[in-house]
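Colleague: Sharing a structure, written as structure tokens. Questions coming.
The values are calculated or read from the model by the stated rules, or taken from the named source; none is laboratory data. Everything numeric here is computed off the predicted structure, so don't read it as measured data. Methodologically, a virtual Cβ is constructed for each residue, glycine included, from the backbone with ideal geometry; neighbour enumeration extends over all protein chains shown. With ligands, DNA and RNA removed, areas are computed over all heavy atoms of the protein, side chains included. Shrake-Rupley method; radii C 1.70, N 1.55, O 1.52, S 1.80 Å.
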Amino acid sequence: MATYESVLHVTGRFEVVDAHERPDEVLEYTECLYRVSVTKRYPVTRGPVSYRLRDGTPLRRSSKGYFDTLDGVRRLFTVEAVEKSDAGC
């Protein structure tokens with residue numbers, strides 16, 4: 001059985017506003033899975049992408065233009081992508 005180490009990398013930042021025009025920031029995380037071995041090197045495996053508000057609230061990217069909280073109570077609209085990195089893993 002293989003052993004993996006999971007590392008989260010911030011791969012994007014988005015400025016967003018809610019329905020009341022309150023600004024916030026969404027962080028995009030990409031999970032990278034590193035296979036641990038003493039004798040061999042294995043390529044890094046890219047895992048799932050997740051989104052969280054700056055305060056740690058998990059989000060779902062419902063469309064390219066907006067995010068929803070997992071409970072569906074808040075919807076946040078993208079103002080602009082502040083930073084986007086493809087060098088995740």
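Colleague: Which residues, counting only those in region 45-87, are within 19 Å of Ser6 (Cβ to Cβ), of a type outside the set (D, E, K, R) and out of contact with any Gly (no Cβ under 9 Å at 6 or more places or on another chain)?
Modeller: Thr45, Gly47, Pro48, Ser50, Gly56, Pro58, Ala87
Colleague: Across region 56-74, which residue is surrounded by the fewest Cβ atoms within 10 Å (Cβ to Cβ) among those that are part of a loop (DSSP other than H, G, I, E, B) and under 13 Å from the mean Cα position of the chain (by Cα)?
Modeller: Gly56
Colleague: Can you find, within region 23-37, the residue that is modelled with the lowest pLDDT among those that are assigned to a strand (DSSP E or B) and loosely packed, with under 13 Cβ neighbours inside 10 Å?
Modeller: Checked region 23-37; the qualifying residue modelled with the lowest pLDDT is Val36.
Colleague: What pairs come out if I take residues in region 9-36 that are over 22 Å from Val73 (Cα atoms) and pair them with residues that are open to solvent by less than 30 Å² (accessible area, probe 1.4 Å) and charged (D, E, K, R) whose C-beta lies under 9 Å away, six or more apart or interchain?
Modeller: So the pair list comes out as Val10/Glu28; Thr11/Glu28; Gly12/Glu28.
For every residue, the table says whether it meets (1) assigned to a strand (DSSP E or B); (2) among the small types (Gly, Ala, Ser); (3) surrounded by 16 or more Cβ atoms within 10 Å (Cβ to Cβ); (4) touching a Cys at 6+ places or on another chain (Cβ under 8 Å).
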residue: Tyr4; (1), (2), (3), (4): yes, no, no, no
residue: Glu21; (1), (2), (3), (4): no, no, no, no
residue: Thr39; (1), (2), (3), (4): no, no, no, no
residue: Pro48; (1), (2), (3), (4): yes, no, no, no
residue: Leu76; (1), (2), (3), (4): yes, no, yes, no
